[in-house]
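The values are calculated or read from the model by the stated rules, or taken from the named source; none is laboratory data. The shown structure was predicted, so the numbers you read here are calculated from the model rather than taken from an experiment. No Cβ is skipped: glycine too gets one built from the backbone with ideal geometry, and neighbour counts run over all protein chains shown. The area values use the complete protein model at the heavy-atom level, side chains included, leaving out ligands, DNA and RNA. Shrake-Rupley method; radii C 1.70, N 1.55, O 1.52, S 1.80 Å.
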Number of protein chains: 2
Amino acid sequence: MTSVDIRPPLNGVDTPTLFATLDAVAEQPELAKFQFRASNEWISGTHNRSTIQGFYGAGQEDSTRVAPFVYDADHPVVLVGGGNAPAPVEFLLHGIAACLTAGVANIAAARGIALTKVQSTVEGDIDLLGILGLSDQVRNGYESIRVHFTVEGDASPEELRGLVEQSRARSAVYDVLTNGVPVSVDVTAA
Amino acid sequence: MTSVDIRPPLNGVDTPTLFATLDAVAEQPELAKFQFRASNEWISGTHNRSTIQGFYGAGQEDSTRVAPFVYDADHPVVLVGGGNAPAPVEFLLHGIAACLTAGVANIAAARGIALTKVQSTVEGDIDLLGILGLSDQVRNGYESIRVHFTVEGDASPEELRGLVEQSRARSAVYDVLTNGVPVSVDVTAA
């Protein structure tokens with residue numbers, strides 16, 4: 001047992017359980033294997049809807065999510081979509097902000113830093129000449145993404161910046177967005 | 001004017017306006033420069049909330065979104081989160097399914113193929129030994145993502161598979177997830 005093991009709950013993080021979970025996974029590394037899933041149904045035009053509920057992790061299928069989470073996506077009106085929901089690329093911006101923020105809260109709790117505010121803005125620049133097929137010199141995706149955090153709490157500015165830096169260093173979404181991941185796509189057609 | 005210019009609306013896609021938009025962007029490439037944005041606010045623990053509304057594109061700030069889109073994220077209970085919403089990484093799966101599906105509908109309309117069903121499932125495998133800091137040999141993000149589509153419509157199986165293939169080839173989210181993008185993170189701390 002190290003000194004961090006006795007940190008009390010902080011920032012809404014159940015720190016003792018978090019450290020106990022880390023210990024359990026360290027002893028049984030197969031508990032760390034997770035599979036997340038989504039299913040999507042086309043509605044009309046560029047409007048479609050994803051359902052997120054089940055996942056595998058910690059050695060079993062999850063049973064805690066009793067209802068599905070449902071999210072629409074659509075292209076904006078200016079791109080001849082229905083504008084019923086954000087564009088698919090906008091959900092990547094939610095993903096990176098949410099992942100880094102969750103990490104900041106966990107790491108602050110582990111370090112005994114009480115947070116009072118964690119706010120962030122994300123911007124993603126994209127030149128649609130790529131996806132519109134109008135230029136082979138322009139990539140399809142974002143050219144760059146910028147995240148700006150404002151963090152307040154009972155620690156020095158340097159310590160607060162260190163929370164974001166450690167969160168970035170251990171962020172699943174940051175890793176995927178910056179380094180990429182193999183994506184396979186297959187089709188059943190009828 | 002080419003033969004595709006006279007395609008009527010199909011699959012809920014306003015095909016004439018889509019082609020007119022392509023023509024307009026081809027003449028004024030600066031219209032293709034877009035910036036999407038999200039802002040996020042920490043709630044408690046790993047629970048946080050993003051707001052998505054404004055964006056820049058087609059030479060101006062958007063004014064068509066009169067209300068914000070709001071999405072929560074949280075870590076699941078088994079990872080000591082509150083389970084109030086999907087995990088941040090799960091929104092990446094929504095993003096890839098939604099992007100490919102929107103593309104399939106647009107491309108089918110442009111090719112004169114009437115769709116009756118576009119359904120997809122996405123799986124993402126992730127070993128949390130990385131983000132938990134328990135192994136330096138394991139990456140933080142997904143190891144792999146698999147997308148499976150079921151497409152039905154008034155075309156041959158080969159033509160229907162071709163819709164997904166062309167959508168993949170022009171997908172912004174597929175490009176970002178497979179090739180990565182520079183992400184900068186900065187902090188104001190107080």
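With (1) within 21 Å of B:N84 (Cβ to Cβ); (2) touching a residue at least 60 places away in the same chain (Cβ under 8 Å) as the list, and A:F19 as the residue in question, which single condition is left unmet? Answer for A:F19: the failing condition is (1).
Test B:A26 against the stated conditions and say whether it is over 29 Å from A:G57 (Cα atoms) and either at the interface with chain A (Cβ under 7 Å from one of its Cβ atoms) or under 18 Å from the mean Cα position of the chain (by Cα) (or both). Here the answer is yes, as B:A26 does meet what is asked. Residues in region B:176-190 that are without any contact (Cβ under 8 Å) to a residue 60 or more places away in the chain and not polar (S, T, N, Q): B:V176, B:G180, B:V181, B:P182, B:V183, B:V185, B:D186, B:V187, B:A189, B:A190.
Counting just the residues of region B:47-57 that are open to solvent by less than 40 Å² (accessible area, probe 1.4 Å) and under 19 Å from the mean Cα position of the chain (by Cα), which one comes out nearest to A:Q119 (Cα to Cα)?
Within region B:47-57, the first condition is being open to solvent by less than 40 Å² (accessible area, probe 1.4 Å), and the residues that meet it are B:47-48, B:50, B:52, B:54-55, B:57.
This time we only want the ones that are under 19 Å from the mean Cα position of the chain (by Cα), so: B:50, B:52, B:54-55, B:57.
Numbers: B:S50: 10, B:I52: 14, B:G54: 17, B:F55: 19, B:G57: 25 Å.
So, considering only residues that are open to solvent by less than 40 Å² (accessible area, probe 1.4 Å) and under 19 Å from the mean Cα position of the chain (by Cα), the one nearest to A:Q119 (Cα to Cα) is B:S50.
If a residue has to be within 7 Å of chain B (Cβ to nearest Cβ) and either out of contact with any Phe, Trp or Tyr (no Cβ under 9 Å at 6 or more places or on another chain) or among the acidic types (D, E) (or both) to count, how many in region A:82-96 make the cut? Residues in region A:82-96 being within 7 Å of chain B (Cβ to nearest Cβ) and either out of contact with any Phe, Trp or Tyr (no Cβ under 9 Å at 6 or more places or on another chain) or among the acidic types (D, E) (or both): 3 in total.
What number of residues in region A:81-117 are charged (D, E, K, R) and over 30 Å from A:T46 (Cα atoms)? Before the answer, list the steps.
Step one: of region A:81-117, the residues charged (D, E, K, R) are A:90, A:111, A:117.
Next cut, over 30 Å from A:T46 (Cα atoms) only: A:111, A:117.
Total satisfying the criteria: 2.
The helices (runs of 4 or more DSSP H) found entirely in region B:82-190 that carry 3 or more residues being more than 24 Å from A:V147 (Cα to Cα), among the acidic types (D, E) and open to solvent by 10 Å² or more (accessible area, probe 1.4 Å) are B:157-169. Residue under question is B:V77, and the condition is that it be at the interface with another protein chain (Cβ under 7 Å from one of its Cβ atoms), open to solvent by 40 Å² or more (accessible area, probe 1.4 Å) and without any contact (Cβ under 8 Å) to a residue 60 or more places away in the chain; does it hold? Yes, satisfied.
Could you tell me whether B:S171 is more than 8 Å from every other protein chain (Cβ to nearest Cβ) and among the polar types (S, T, N, Q)?
Working: more than 8 Å from every other protein chain (Cβ to nearest Cβ): no; among the polar types (S, T, N, Q): yes.
It is false that B:S171 is more than 8 Å from every other protein chain (Cβ to nearest Cβ) and among the polar types (S, T, N, Q).
No other residue among B:T15, B:T64, B:T21, B:T51 is out of contact with any strand residue (DSSP E or B) (no Cβ under 9 Å at 6 or more places or on another chain) and more than 7 Å from chain A (Cβ to nearest Cβ) apart from B:T15. Selection over region A:149-175 of residues that are in contact (Cβ under 8 Å) with a residue 60 or more places away in the chain and under 14 Å from the mean Cα position of the chain (by Cα) gives a count of 7. For region A:103-113, state whether one or more residues are within 7 Å of chain B (Cβ to nearest Cβ) and farther than 29 Å from B:A109 by Cβ. Yes: one or more hits. Does B:S44 satisfy the criteria of being at the interface with chain A (Cβ under 7 Å from one of its Cβ atoms), open to solvent by less than 60 Å² (accessible area, probe 1.4 Å), among the hydroxyl-bearing types (S, T, Y) and touching a Phe, Trp or Tyr at 6+ places or on another chain (Cβ under 6 Å)? No.
Considering only region A:15-22, I want to know if a residue exists there that is touching a helix residue (DSSP H, G or I) at 6+ places or on another chain (Cβ under 7 Å) and farther than 30 Å from B:L129 by Cβ. No: region A:15-22 contains no residue that is touching a helix residue (DSSP H, G or I) at 6+ places or on another chain (Cβ under 7 Å) and farther than 30 Å from B:L129 by Cβ.
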